[in-house]
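Engineer: Below: one structure in structure tokens.
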Amino acid sequence: MVHEKNRILLVDDEENCLRALQDVFELEHIECATANNAAKAIDIITHNDIDIVISDVRMPGLSGMDLLKQIKRIKPEIYVLMLTGHGSIHDAVQSIKQGAYQYILKPVIMDDLLAQIKELLQKIDERAAEAPLQKLKTSLPAGKVIVGQSMRLQNVAKLINKIANTDLPVLILGESGTGKELAATALHYSSDRSAKSFVAINCAAFPDTLLESELFGYEKGAFTDARTSKAGKIEEADGGTLFLDEIGDMKPAMQAKLLRVLEEQQFQRLGSNKYYKIDIRIISATNRDLRQAIEDGLFRADLYYRLNAVSIVMPTLREIPEDIPLLSNYFAREFAAKFNRKIEGVSAEALQALAKYHWPGNVRELANAIRRSVALAEGKQIQIFDLPPYIANAQYETPAAKVGKPQKLLLSDVEKEHILAVIDMVHGNKSEAAQILGIHRDTLLRKLKKFDK
């Protein structure tokens, strides 16, 4: 078995050449596996993760060219460098045609080979870092896009890819505007349920009685306005995925009914005695602290453990500042196309202002800020004066900053101050404030009630 650090395989029937190459690489802390014939090399490549193969062309039995063909058949992503002591233009052309990355003559100039290998390893590492996110991007349906390259986002993508083809319930945690629904969508469309329905419902958008009929459906005559029978979201999601957004806002009585569905894998429509068997995966999301809600008696512990087989934590925009330029320029181009404006991106000065801002509304707030800026911009780039004043002026201060000394700083304090500042900016128009903040108007009203405003 080859050690997992051996990302390079050296293949040569001349033992002296093999050992000399291996010694030079290991002096540079690059560990190598070795094989003295092509058959052994194929076995190593088949059963191990090898990134680069450096092979002699002329060997007894299977030649280096035969090995190259086999590698490109079983693991085409491997970089293959061909070595020979018999300089031949024909061999060089043939190896490149067969997919070799490079053709190198013996005697090898080790400094040049080492530089090339280090460059290749860096390229491979960068490709591997992007792979989880790239895989999600290709699985998403039209109109859904993941933008970013931060390690936090890559780790989220890696976890989604790992659990996609399980039926484990997933709880997605994160502040408003961090992309929890997008993560749920990616999870569904990366899974073997992708051909079936992805059904989403916002639990905070309905009063309890209406939420029950939305989830379970109803029979004709079940209540006064039930003039026809209707399937609910649970039934619509059969075979696919049900996404319960804002699950933390669901009332305890409704939680008990949902728990019964999860335990029994069946449900009844309102007004019906018939049980319907279902096969659904549940993904839920919340910006609330459910453990605290359990302590406060607002959320059932048994439902929490049912929903939270795996949790995904979405990073705030403050935690991934390196993604702000990518997101800003993406939104600028997207809204420019929608509004038929000739805007190519965001200026360096505007990007600096965007980077300084605290973004309590996260990616959704950034999108709304750029949409407004695209509508106002007159040049080919969004300039700092096109941004909303509270961002452009860089006057956002946390309560701690105002007194000049770091104090105990609660996220709720930051959120309250920002919400009130935005409402003041739009002269009390709560609908416009909700749009700028990237939240539903009802969510804004609920937060204001909590702030006694």
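The values are calculated or read from the model by the stated rules, or taken from the named source; none is laboratory data. Being a predicted model, the structure only gives us computed values, none of them experimental. When we count neighbours, we look across all protein chains shown, and the Cβ atoms used for this are built from the backbone with ideal geometry, even at glycine.
Engineer: Glu236 - would you say it is more than 28 Å from the chain's Cα centre (by Cα), under 27 Å from His440 (Cβ atoms), surrounded by fewer than 19 Cβ atoms within 10 Å (Cβ to Cβ) and modelled with pLDDT of 90 or more?
Structural biologist: Values: more than 28 Å from the chain's Cα centre (by Cα): no; under 27 Å from His440 (Cβ atoms): yes; surrounded by fewer than 19 Cβ atoms within 10 Å (Cβ to Cβ): yes; modelled with pLDDT of 90 or more: yes.
In short, no.
Engineer: Looking at Ala375, is it on the phi > 0 side of the Ramachandran plot, at pLDDT below 95 and either not assigned by TED's automatic domain parsing to the domain that holds Leu351 or not polar (S, T, N, Q) (or both)?
Structural biologist: Details: on the phi > 0 side of the Ramachandran plot: no; at pLDDT below 95: yes; either not assigned by TED's automatic domain parsing to the domain that holds Leu351 or not polar (S, T, N, Q) (or both): yes.
Judged against the criteria, Ala375 is not a match.
Engineer: Kindly check whether there is at least one residue in segment 266-276 that is surrounded by fewer than 17 Cβ atoms within 10 Å (Cβ to Cβ), touching an Asp or Glu at 6+ places or on another chain (Cβ under 6 Å) and touching a residue at least 24 places away in the same chain (Cβ under 8 Å).
Structural biologist: Scanning segment 266-276, I find at least one residue that is surrounded by fewer than 17 Cβ atoms within 10 Å (Cβ to Cβ), touching an Asp or Glu at 6+ places or on another chain (Cβ under 6 Å) and touching a residue at least 24 places away in the same chain (Cβ under 8 Å), so the answer is yes.
Engineer: Okay, moving on. Could you tell me how many of the residues in segment 24-43 are crowded, with 19+ Cβ neighbours inside 10 Å and outside any helix (DSSP H, G or I)?
Structural biologist: 4
Engineer: Taking segment 9-23, which residues are under 21 Å from Lys75 (Cα atoms) and either surrounded by fewer than 20 Cβ atoms within 10 Å (Cβ to Cβ) or of a type in the set (A, V, I, L, M, F, W, C) (or both)? I'd like the intermediate steps shown before the answer.
Structural biologist: Pass one, segment 9-23, residues under 21 Å from Lys75 (Cα atoms): 9-12.
Selection gives Leu9, Leu10, Val11.
Engineer: Quick one: which residue in Gly177, Gly143, Gly148 is closer than 30 Å to Met250 by Cα, outside any helix (DSSP H, G or I), modelled with pLDDT under 90 and out of contact with any strand residue (DSSP E or B) (no Cβ under 8 Å at 6 or more places or on another chain)? Outline the logic, then answer.
Structural biologist: Numbers: Gly177 fails: modelled with pLDDT under 90; Gly148 fails: closer than 30 Å to Met250 by Cα.
Among Gly177, Gly143, Gly148, only Gly143 is closer than 30 Å to Met250 by Cα, outside any helix (DSSP H, G or I), modelled with pLDDT under 90 and out of contact with any strand residue (DSSP E or B) (no Cβ under 8 Å at 6 or more places or on another chain).
Engineer: Consider segment 44-64. How many of its residues are in a helix (DSSP H, G or I), more than 21 Å from Asn16 (Cα to Cα) and in contact with a helix residue (DSSP H, G or I) (Cβ under 9 Å, 6 or more places away or on another chain)?
Structural biologist: Within segment 44-64, the subset in a helix (DSSP H, G or I) is 44-47, 64.
Going one step further and asking which of them are more than 21 Å from Asn16 (Cα to Cα), we end up with 45-47.
Then keep just the ones that are in contact with a helix residue (DSSP H, G or I) (Cβ under 9 Å, 6 or more places away or on another chain); that gives 45-46.
Here the count works out to 2.
Engineer: A further question follows. Being modelled with pLDDT of 90 or more and within 13 Å of Ile71 (Cβ to Cβ) is the requirement here; does Asp12 meet it? If you could, list the steps in order and put the result at the bottom.
Structural biologist: On the way: modelled with pLDDT of 90 or more: yes; within 13 Å of Ile71 (Cβ to Cβ): no.
So Asp12 does not fit the description; no.
Engineer: Could you look through segment 206-250, keep only residues that are of a type in the set (Ser, Thr, Tyr) and either free of Cβ contacts under 8 Å to residues at least 12 places away in the same chain or in contact with an Asp or Glu (Cβ under 8 Å, 6 or more places away or on another chain) (or both), and pick out the one that is farthest from Gln266 (Cα to Cα)?
Structural biologist: Looking at residues that are of a type in the set (Ser, Thr, Tyr) and either free of Cβ contacts under 8 Å to residues at least 12 places away in the same chain or in contact with an Asp or Glu (Cβ under 8 Å, 6 or more places away or on another chain) (or both), I get Thr224.
Engineer: Could you count how many residues in segment 234-274 are assigned to a loop (DSSP other than H, G, I, E, B), among the acidic types (Asp, Glu) and touching a helix residue (DSSP H, G or I) at 6+ places or on another chain (Cβ under 6 Å)?
Structural biologist: Going through segment 234-274, the residues assigned to a loop (DSSP other than H, G, I, E, B) turn out to be 237-240, 246, 250-251, 265, 269, 271-274.
From what's left, among the acidic types (Asp, Glu): 238, 246.
Remaining after also requiring touching a helix residue (DSSP H, G or I) at 6+ places or on another chain (Cβ under 6 Å): 246.
Of the residues in that region, 1 qualify.
Engineer: Could you list all residues from segment 158-174 that are part of a strand (DSSP E or B) and more than 13 Å from the chain's Cα centre (by Cα)?
Structural biologist: We begin by selecting, within segment 158-174, every residue part of a strand (DSSP E or B); these are 170-173.
Once the filter is applied, which keeps residues that are part of a strand (DSSP E or B) and more than 13 Å from the chain's Cα centre (by Cα), segment 158-174 yields Val170, Leu171, Leu173.
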